[in-house]
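The values are calculated or read from the model by the stated rules, or taken from the named source; none is laboratory data. This is a predicted model, so every value here is computed, not measured. Positions of Cβ are backbone-derived with ideal geometry, glycine not excepted, and every protein chain shown enters the neighbour counts. Keep in mind that these areas ignore ligands, DNA and RNA; they rest on the heavy atoms of the full protein, side chains included. Shrake-Rupley method; radii C 1.70, N 1.55, O 1.52, S 1.80 Å.
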Amino acid sequence: MKKVFKVLSVGALALTLAACNSSATPTKDTSKKSDLTLEQVYDKAVERQADIKSVSAKMEMTQKTKAGSGDQAMEISMDSKMEMDVISDPLAAHITGSMTMPDMTTEGKTMDMPIDMYMKKEQGFFMKDPTTDSWFKLPSEQFDAVLDQTASSANAKEQLEQLKKFIGDFKFEQNDDAYILTLEAKGDKFKELIDSQMNKSMKDLGLEENPLDNLTIDKVNYVLQIDKETFDTEKMDMNFDLKMKVEDQEISTSTKSVVTYTEFNHLKTIDIPQDIIDNAATPGQ
């Protein structure tokens, strides 16, 4: 893996270590102040993730994509809202929600597509087709990749571990209830973070070419909210402004997502209704 940072000078290294060893700056009206350092809070948050066996989460995401220029310019906006129940081992999930996207049949109009899916390691991936109001089952050779990506999306542990290498760049604040960690940068400093995530996704899907090889990062922003008492990662805001070239055409994408985690360790099982298992069609069969 490519190194993100060049060798730091002694002065820069000292500043980084000082930031990690400072307590969180209290926001206005904060009365319950903690003396824990950024690194202590971060380690406790990662350690807490190992104890989480199930979680519910809500995700809201807006993505705007622009391609081409002049008469050939095209802009697509997509909004999605999802609710997830996830059990980590063995992995199981139920995801519901909706996605708003352009209606390709009528210019200027949008369409809402409902989302309803179940996945369970020993039973497979089932998704409802909103156009026919029927269920289908994903072929088994594709299931492992979807399962792995779902686990990464619903669990904050992987994100926390990837972000730790940038711990010296976090702004560290606190209020009465939570620690607030903000990471913001421009340029290619954090390209490795996004590039490694994309490489993993492409590998999971059996694809070799990384579409982000010609990637330019205009902005990266993370805001993490960690509970002061439990060290649960309760909220994660992620904003990315990216540009990349595909066949000599520049495509710019702005993605904003907010994931809110609730009800930790409240689920014992997620059951797929038997009628879905019995009647789901398998594409290609």
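Structure summary
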read-out	value
Strands (runs of 3 or more DSSP E) (entirely within the range 61-132) containing at least 2 residues that are polar (S, T, N, Q), in contact (Cβ under 8 Å) with a residue 40 or more places away in the chain and exposed (fewer than 12 other Cβ atoms within 10 Å of the Cβ)	none
Members of the range 222-255 that are free of Cβ contacts under 8 Å to residues at least 24 places away in the same chain and farther than 19 Å from Leu160 by Cα	Glu247, Asp248
Criterion: more than 23 Å from Asn175 (Cα to Cα), at pLDDT 85 or above and of a type in the set (Gly, Ala, Ser) - qualifying residue of Ser9, Ser56	Ser56
Counted residues, the range 246-280 - those being assigned to a strand (DSSP E or B) and touching an Asp or Glu at 6+ places or on another chain (Cβ under 9 Å)	11
Residue in the range 199-213 that is in a strand (DSSP E or B), at pLDDT below 90, of a type in the set (D, E, K, R) and open to solvent by 40 Å² or more (accessible area, probe 1.4 Å) present	no
The range 243-257 - residue that is open to solvent by less than 50 Å² (accessible area, probe 1.4 Å) and among the aliphatic types (A, V, I, L, M) and, of those, farthest from Gln159 (Cα to Cα)	Ile251
Hits in the range 59-89 - residues which are among the basic types (Lys, Arg) and out of contact with any Gly (no Cβ under 9 Å at 6 or more places or on another chain)	Lys64, Lys66
